[in-house]
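Please read the structure below before turning to the comments.
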2 protein chains.
Amino acid sequence: VVVAEIVSIGTELLMGQIVDTNAQYLAAVFPDYGIGHYHRQTVGDNFDRLVSALRLALSRSDLVFTIGGLGPTEDDITRKAIAAALEDELALDERYAEKLRRLFSQRNLPWLDTQLQQAYHPRSGHFIENPNGTAPGLLCRKNGKTLIALPGPKQEFIPMVEGPIRAFLADVSGGTVLLSETLKVLDMGESMVEEAIRDLIHGSNPSIGIYAHPGEVHIRITASAEEARAAADLLAPVQKAIEARLGARILGGKEATLEGDVLQRLKAKQQTVATAESCTGGMVAARLTDAPGASESVVGGIVSYTLGAKEQALGVRKETLQAHGAVSSQTAQEMAEGVCKALGAYWGISVTGNAGPTESEGKPIGLVYIGVSDGTDTTVEEHHFRGTRAFIRQRAVQAALSHLRRRLLD
Amino acid sequence: VVVAEIVSIGTELLMGQIVDTNAQYLAAVFPDYGIGHYHRQTVGDNFDRLVSALRLALSRSDLVFTIGGLGPTEDDITRKAIAAALEDELALDERYAEKLRRLFSQRNLPWLDTQLQQAYHPRSGHFIENPNGTAPGLLCRKNGKTLIALPGPKQEFIPMVEGPIRAFLADVSGGTVLLSETLKVLDMGESMVEEAIRDLIHGSNPSIGIYAHPGEVHIRITASAEEARAAADLLAPVQKAIEARLGARILGGKEATLEGDVLQRLKAKQQTVATAESCTGGMVAARLTDAPGASESVVGGIVSYTLGAKEQALGVRKETLQAHGAVSSQTAQEMAEGVCKALGAYWGISVTGNAGPTESEGKPIGLVYIGVSDGTDTTVEEHHFRGTRAFIRQRAVQAALSHLRRRLLD
């Protein structure tokens with residue numbers, strides 16, 4: 001088995017200022033290529049300690065990944081530490097230096113000579129292109145070991161993992177093929193899912209893991225074989241058996257998202273949607289427009305945070321608000337119907353509730369009403385969520401999209 | 001300086017199935033007691049590798065914390081590995097064994113003998129009480145080193161850190177106090193910030209770290225001394241010097257957020273705001289309503305994803321859209337003015353742009369216009385962001401709130 005090790009670099013990690021989601025992201029990629037992962041290290045922006053950490057990693061692992069410390073400031077020491085750990089020296093890449101200078105002049109940014117350190121790489125290595133930042137990655141091979149350096153900013157890091165790093169790992173892994181599929185299940189709890197598929201969870205190939213996420217349960221099926229075809233033959237029957245049991249509650253494969261699924265169904269029916277949000281304050285609309293191409297199906301939305309906005313922009317009746325309050329089934333109904341009309345959409349979704357942290361109108365924290373209307377038939381669901389304000393808002397968004405999806409399935 | 005090291009234990013961490021928020025939580029506590037933290041390790045549920053990791057940690061750090069692997073199942077190996085690393089043996093605590101048995105019978109749970117392993121501790125150590133679970137923590141002292149084992153489940157881990165661990169660290173740290181402050185800077189890049197305060201970054205007490213976040217740069221100043229007063233006296237002049245240079249670009253202290261700062265300024269002026277969003281699809285409104293109590297200042301918002309919605313809900317003129325397009329300074333202006341009127345707010349913020357992934361109306365990806373209007377004076381800023389769709393949207397939200405903040409400062 002080829003063994004990888006991650007070395008995360010940054011004093012802010014050791015100070016607990018940020019969570020190391022990059023390391024988790026990369027770690028989750030290794031199993032796809034049957035690559036082992038037995039150790040992970042985190043060190044601060046300290047040259048000697050980083051060099052020691054790299055030497056230790058190189059002594060016990062085949063592939064060593066560093067994350068962070070490639071930028072232009074003084075505490076970006078990764079490049080130099082890698083050269084030291086490999087007993088190599090840094091060489092200036094004139095072409096890259098030129099490219100950097102050009103970039104700065106094109107963008108009218110003041111040039112600082114410290115930027116130039118990004119144009120150096122160890123002689124034994126080469127750059128990995130970084131389309132979203134000025135610091136390229138590094139790939140160095142020496143004595144049968146490979147050392148790869150990736151930048152820390154998430155918007156640079158993730159595209160590099162998904163592009164060149166996945167390609168590299170596929171190449172390295174050679175023999176064993178690990179094939180996995182994730183089925184995302186809506187509207188069921190973790191133990192309900194386990195109960196429903198318990199008799200299918202036996203043996204270790206394919207293996208089945210069940211993971212709880214807010215408002216979704218993920219079932220991960222993983223099969224390994226010497227060829228992709230054989231792995232697929234192991235995986236397929238188990239996947240089919242699970243799909244047969246859970247039916248439309250399954251959202252789709254690995255890449256499926258609830259918002260993507262809803263948009264696809266809207267597009268297929270050539271229908272549009274508009275949102276009317278109170279306690280979620282725009283989060284339903286934001287999530288529906290996460291994906292490109294949403295403008296075909298999403299007309300827009302209205303965030304009605306005050307009573308006045310509910311009346312003026314959505315046409316909720318004053319009597320309804322007075323008799324039942326803003327957090328009520330009746331208000332949810334009129335909001336969903338109102339936004340359909342106001343924005344001329346086929347579907348209207350509404351969310352009104354109390355996300356906390358205090359009771360309001362005598363309505364308890366976590367009480368949320370979700371309405372879905374097609375102009376003639378409006379359904380309202382009542383939810384009682386428990387947790388922090390952020391969690392209640394997140395669950396409400398999930399429940400709103402799931403409610404619309406169920407209406408679209410009918 | 002007393003040096004601590006964290007060893008996180010769990011194959012699920014190395015598989016990337018969960019993020020290690022516990023390690024971050026504990027790491028953030030060390031600076032409060034002036035305790036150094038130079039290395040962190042993560043290992044799977046493997047006895048030999050865990051023993052090696054513990055030996056390495058004991059060889060270079062004074063306090064070694066393990067997180068996880070204390071439960072009753074077979075892959076809970078931490079207790080045995082600690083005994084091996086300390087060359088100690090495990091002893092059964094009869095009283096704790098009895099307590100466990102009683103607990104199970106009281107709760108009518110079936111007793112399994114595997115539960116009993118939780119009643120063992122190394123002879124050189126003792127238990128740390130865990131009020132929220134069956135596995136107690138461990139504290140072992142040998143050869144001048146201290147090894148502390150904490151359980152992994154968050155609801156058990158956090159109360160133990162906040163209780164006995166903080167008490168222990170206060171006791172250990174005795175002398176040194178570390179004091180730190182974070183200044184969040186808006187509208188400046190990382191190297192511009194470094195350039196502006198370079199001459200202040202010298203010496204190591206106080207030390208200054210600069211960290212880039214999307215749309216913000218954080219400056220962390222850390223001072224250590226034998227007394228809180230002396231640390232504050234070291235920190236204050238550096239903080240003042242930085243504040244004097246960067247002025248209102250500094251958002252505030254550690255806990256400050258851009259949305260919180262904007263809400264506070266609105267509240268102080270008794271003014272309200274409404275949002276008109278296109279490419280950010282509701283994200284500005286969602287962020288403004290993240291904090292409780294936003295309803296005093298946030299009236300609501302309109303997400304106008306289509307041209308029709310821009311006309312109907314915001315009153316943008318058809319001629320404007322035809323002549324300049326949806327992504328234009330003119331449209332941003334009319335959106336900001338329109339939402340002020342439509343929702344009756346003092347301020348209107350608008351965002352219209354192309355977040356990608358393709359050109360539209362011939363407007364390049366990343367071009368975003370942000371308007372802020374008080375009904376009589378509307379300012380529009382043009383931005384060119386580079387990156388993924390998600391990143392462009394995030395930067396646009398940040399820029400919109402920062403633009404409103406600058407208007408509120410006037």
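Surface analysis of the stretch A:263-410 yields an accessible area of 39 Å² per residue, using protein heavy atoms and a 1.4 Å probe. Across the stretch B:76-81, rounded Karplus estimates of 3J(HN,Hα) from the backbone phi angles (6.51 cos²θ - 1.76 cosθ + 1.60, θ = phi - 60°) give 8, 10, 4, 4, 5, 5 Hz, Gly and Pro being marked x.
Between A and B, roughly 5500 Å² of accessible area is buried in total, ligands, DNA and RNA not counted and the probe set to 1.4 Å.
With the Kirkwood sum run over all distinct C-alpha pairs, the stretch A:174-332 has a hydrodynamic radius of 18.8 Å. Please name which of A:T114, B:V298, B:L178 has its Cα lying farthest along the dipole of the protein assembly as shown towards the positive end, using unit charges on Cβ (Lys, Arg +1; Asp, Glu -1) and the Cα centre as origin. Looking along the dipole axis, the top candidate is B:V298.
Here the stretch A:292-410 exposes an accessible surface that is 49 percent carbon and sulfur, computed with a 1.4 Å probe and the other protein chains kept in place. Under the classification rounded if a/c is under 1.5, otherwise prolate if a/b is larger than b/c and oblate if not, where does the stretch A:74-165 fall, given a ≥ b ≥ c as square roots of the Cα gyration tensor eigenvalues? Taking the square roots of the gyration eigenvalues as a ≥ b ≥ c, the stretch A:74-165 is oblate.
Contact order, relative form, for chain A: 10 percent (alpha carbon pairs under 8 Å, 6 or more residues apart, mean separation divided by residue count). Taking the longest Cα principal axis of chain A as reference, the axis of helix A:329-343 is set at about 70 degrees.
The share of accessible area on the stretch A:112-177 that comes from carbon and sulfur is 53 percent, using a 1.4 angstrom probe.
The mean sequence distance of close C-alpha pairs (under 8 Å, at least 6 residues apart), as a share of the length of the stretch B:142-250, puts its relative contact order at 29 percent.
In units of the rule-of-thumb radius 2.2 N^0.38 Å, the stretch A:319-376 shows an alpha carbon radius of gyration of 1.17.
About the Cα centre, and with charges only on the beta carbon of Lys, Arg (+1) and Asp, Glu (-1), how big is the dipole of the stretch B:267-410? Nearest 20 debye, please. Spell out each step's value before the answer.
On the way: 15 positive and 14 negative charges, 69 e Å.
That gives the stretch B:267-410 a dipole magnitude of about 340 debye.
Looking at the stretch A:172-241, the GluC sites (Glu not before Pro) that sit in a DSSP loop and have at most 13 other Cβ atoms within 10 Å of their own Cβ are A:E226, A:E227. Bridging of B:K363 to lysines at a Cα separation below 19 Å is possible for B:K310, B:K318, once same-chain residues fewer than 8 apart are set aside. Treating the stretch A:247-398 as a set of equal point scatterers at the Cα positions, no solvent, please give the Debye-formula log₁₀ I(q)/I(0) at q = 0.18 Å⁻¹. Debye intensities relative to I(0), on a log10 scale: -1.04.
A dipole drawn for the protein assembly as shown from +1 and -1 charges on Cβ atoms has a positive end, and of B:L54, A:I365, A:W347 the residue lying farthest that way is A:W347. Helix A:228-246 versus the longest principal axis of chain A: what is the Cα-based angle in degrees, 0 to 90, to the nearest 10? Approximately 20 degrees, to the nearest 10.
What does the convex hull of the alpha-carbon atoms of the stretch A:76-235 project to on average, in nm²? Working shown, then result.
Numbers: hull surface 55.9 nm².
Directional mean of the projected Cα hull area for the stretch A:76-235 stands at 14.0 nm².
Legend: P(r) of the stretch A:7-137 from all alpha carbon pair distances, 5 Å bins from 0, whole percents, reading 2, 9, 18, 21, 20, 15, 10, 4, 1, 0. Taking other residues whose beta carbon is less than 12 angstrom from the beta carbon of A:T388, and scoring Lys, Arg as +1 and Asp, Glu as -1, yields +3.
Extension gain for A:A390 to A:A230 (0.36 nm times residue separation, less C-alpha to C-alpha distance): 53.2 nm. Note that the stretch B:143-157 has calculated 3J(HN,Hα) couplings of 6, x, 10, 10, 10, 10, 10, 10, x, x, x, 3, 6, 9, 5 Hz, one per residue in order, obtained from phi through the Karplus relation 6.51 cos²θ - 1.76 cosθ + 1.60 (θ = phi - 60°); glycine and proline are x. When exposed loop sites are taken as trypsin sites (Lys or Arg not before Pro) in a DSSP loop with at most 10 other Cβ atoms within 10 Å, the longest stretch of chain A clear of them is A:108-385.
The Cα-based radius of gyration of the stretch B:184-273, divided by its Kirkwood radius, gives an Rg/Rh of 1.03.
About the centre of its Cα atoms, chain A shows a dipole size close to 220 debye [charges on the beta carbon of Lys, Arg (+1) and Asp, Glu (-1) only; nearest 20 debye]. Per-residue Karplus couplings for the stretch A:17-24, computed as 6.51 cos²θ - 1.76 cosθ + 1.60 with θ equal to phi - 60°, are listed in order as 7, 9, 8, 8, 6, 4, 4, 4 Hz, Gly and Pro entered as x.
All other residues whose Cβ lies under 11 angstrom from that of B:V177 are scored, Lys and Arg at +1 and Asp and Glu at -1, for a net of -2.
Spin-label pair A:N205-A:R107: with each label point 7 Å from Cα along the Cα-Cβ axis, the two points sit 4.9 nm from one another. Inter-chain Cβ neighbour count for B:12-25, averaged per residue, equals 6 (cutoff 10 Å, partner chain atoms only).
Counting, for every residue in B:271-281, the Cβ atoms of other protein chains within 10 Å of its Cβ and taking the mean gives 4. Solvent exposure of the stretch B:57-145 amounts to 53 Å² per residue of accessible area, where only protein heavy atoms count and the probe is 1.4 Å.
Run lengths n ≥ 4 of DSSP H only: what is the helix-derived mean residue ellipticity at 222 nm for chain B, with -39500 (n - 2.57) per run over all residues, to the nearest 500?
-11500 deg cm²/dmol
One decimal place: the segment B:I18-B:Q270 gains 86.4 nm when fully extended, by the rule 0.36 nm per residue minus the C-alpha distance. Here the protein assembly as shown has an Rg and Dmax of 28.2, 85 Å, counting Cα atoms alone. Give, to the nearest whole percent, the P(r) tail of the stretch A:199-239 beyond 14 angstrom, counting all Cα pairs. Taking all Cα-Cα pairs of the stretch A:199-239, the fraction more than 14 Å apart is 48 percent.
In the stretch A:245-336, with Lys and Arg counted as +1 and Asp and Glu as -1 at Cβ, which of these residues, A:G247, A:L266, A:T331, has the Cα nearest the positive end of the dipole, that is, farthest along it? Positive-end residue among those listed: A:G247. Give me log10 I(q)/I(0) at q = 0.15, 0.17, 0.26, 0.27 Å⁻¹ for the stretch A:128-202, Debye formula, one equal scatterer per alpha-carbon, no solvent. So the normalised log intensities are -0.74, -0.79, -1.21, -1.26. Sorting the Cα pairs of chain B by distance into bins of 20 Å, from 0 upward, gives 22, 38, 31, 9, 0 percent per bin.
DSSP assigns beta bridges within the stretch A:1-124; of those with both partners inside it, close to 20 percent run antiparallel. For the pair A:T379 and A:E87, a Förster radius of 51 Å applied to the C-beta separation gives a FRET efficiency near 0.15, rounded to the nearest 0.05.
Could you check what % of the DSSP bridge pairs in the protein assembly as shown are antiparallel, to the nearest 5? Counting only bridges with both partners in the protein assembly as shown, antiparallel ones make up about 65 percent. Residues of the stretch B:286-317 buried by at least 50 Å² of accessible area upon assembly of all protein chains, compared with the chain on its own (1.4 Å probe): B:T289, B:P292, B:V299, B:V303, B:Y305. Using the Cβ of A:L409 as centre and a radius below 12 Å, the other residues enclosed give a net charge of +3, where K and R count +1 and D and E count -1. In loop segments of the stretch B:1-109 as defined by DSSP, the GluC sites (Glu not before Pro) with at most 12 further C-beta atoms inside 10 Å of their C-beta are B:E74, B:E87, B:E89.
The values are calculated or read from the model by the stated rules, or taken from the named source; none is laboratory data. This structure is a prediction, so every number in the text was calculated from the model and none was measured. Backbone-built Cβ (ideal geometry, glycine too); neighbour counts: all protein chains shown. In case anyone asks, the SASA skips ligands and DNA or RNA and just uses the protein heavy atoms, side chains included. Shrake-Rupley method; radii C 1.70, N 1.55, O 1.52, S 1.80 Å.
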